[in-house]
Amino acid sequence: MLYLVEHFYSIQGEGRYTGVPSLFFRFGGCNMKCEGFGCEEEASDGTKVLGCDTVYAVNKEHFSFNWSPIQKTQELLNVLDLYELPQRPVDIVLTGGEPLIYANEGIFVEFLEKLHEEGHKITFETNGSIAVDFEKYPIYKECIFALSVKLSNSKEPFRKRVNGDVIYSIASNAKEAFFKFSIDADSINLGLDEEIFNITLHSPRTQVYCMPLGGNKAEVEANTEPLIEFCKAKGYNFSDRLHIRIWDQNKGV
């Protein structure tokens with residue numbers, strides 16, 4: 001069974017397609033917690049849960065009221081009819097949580113196939129640790145993958161967050177792929193360049209985008225200037241987090 005946490009029509013705020021109008025599907029569930037990111041969300045029972053800036057799409061225990069079970073492909077396709085889209089096809093972004101935990105689910109694969117048939121561009125926002133069967137499900141070869149491989153600042157162990165075979169497979173088989181790292185100012189002076197190298201060596205020709213870590217506007221702004229200087233020195237692409245800079249902590253925008 002799939003769980004859909006939210007959907008919204010907005011602009012892409014990160015990575016290669018920043019500023020592009022996109023319809024987002026945020027799926028529930030993840031294979032990581034990333035408590036090192038330090039973003040805190042308060043549940044309805046008052047419990048404060050630590051994790052990434054979308055912890056409500058990771059922690060089902062405390063945020064299950066946001067998680068809608070999906071049992072048919074058409075339930076997902078119906079979402080497109082809820083919005084006054086300026087034109088079709090449109091950019092569709094599948095995010096989470098970690099959307100690839102559903103990579104082998106029949107409902108999910110059929111959803112991708114239907115989107116592709118209608119001409120939509122499909123982008124996955126993934127941590128790049130879960131294998132995709134490109135031969136069994138060739139639809140994934142038609143998708144774009146933003147590989148947000150987690151760094152040590154996530155507090156996840158290296159063996160869990162970095163899978164070289166998966167990174168290589170996605171970058172080699174996908175229609176398009178790029179790295180997208182979340183970086184705080186403190187990490188820049190703690191061997192960050194070597195850490196990024198140890199990830200990107202699995203696909204050295206794949207472009208790198210670095211974006212400031214933060215769950216709110218103040219945190220993003222505090223990490224922006226040091227990160228820009230790092231990108232200038234290393235030749236990486238700087239990616240803003242435009243949605244947070246504009247809407248701060250508001251969800252679904």
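Assorted remarks:
- Scanning region 49-71 for residues that are under 18 Å from K155 (Cα atoms) and not β-branched (V, I, T) gives L50, G51, C52, D53, N59.
- Restricting region 174-187 to residues that are in contact with an Asp or Glu (Cβ under 9 Å, 6 or more places away or on another chain) and in a helix (DSSP H, G or I), the residue that is surrounded by the fewest Cβ atoms within 10 Å (Cβ to Cβ): A185
- Pair list, Cβ under 7 Å, 6 or more apart: region 1-29 residue β-branched (V, I, T), other residue surrounded by fewer than 17 Cβ atoms within 10 Å (Cβ to Cβ) and not in a strand (DSSP E or B): I11/G19; I11/V20
- Region 116-141, residues that are touching a helix residue (DSSP H, G or I) at 6+ places or on another chain (Cβ under 8 Å) and farther than 22 Å from I167 by Cβ: H116
- Region 113-153, residues that are hydrophobic (A, V, I, L, M, F, W, C) and not in a strand (DSSP E or B): L115, I130, A131, V132, F134, I139, C143, V149, L151
- When each of D53, D45 is tested for being among the acidic types (D, E), buried (at least 18 other Cβ atoms within 10 Å of the Cβ) and either over 24 Å from E75 (Cα atoms) or touching a helix residue (DSSP H, G or I) at 6+ places or on another chain (Cβ under 7 Å) (or both), the lone residue that passes is D53.
- Criterion applied to V149, V162, V93, V132 was being touching a residue at least 60 places away in the same chain (Cβ under 8 Å), surrounded by 14 or more Cβ atoms within 10 Å (Cβ to Cβ) and under 22 Å from N31 (Cα atoms), and the one residue passing it is V93.
- Test: residue in region 193-208 that is at pLDDT below 95, surrounded by 21 or more Cβ atoms within 10 Å (Cβ to Cβ) and assigned to a helix (DSSP H, G or I): no
- Residues that are polar (S, T, N, Q), modelled with pLDDT under 90, outside any loop (DSSP other than H, G, I, E, B) and exposed (fewer than 14 other Cβ atoms within 10 Å of the Cβ) are absent from region 231-251.
- Filtered residue count, region 167-218, keeping only those that are without any contact (Cβ under 8 Å) to a residue 12 or more places away in the chain and in contact with a Leu (Cβ under 8 Å, 6 or more places away or on another chain): 0
- Strands (runs of 3 or more DSSP E) contained in region 1-90 and holding at least 1 residues more than 21 Å from E219 (Cβ to Cβ) and either modelled with pLDDT of 95 or more or of a type in the set (A, V, I, L, M, F, W, C) (or both): 2-11, 21-27, 68-70
The values are calculated or read from the model by the stated rules, or taken from the named source; none is laboratory data. The model shown is predicted, which means the values in this text are computed figures rather than measured ones. Ideal geometry is used to build each Cβ from the backbone, glycine not excepted, and the neighbour counts take in all protein chains shown.
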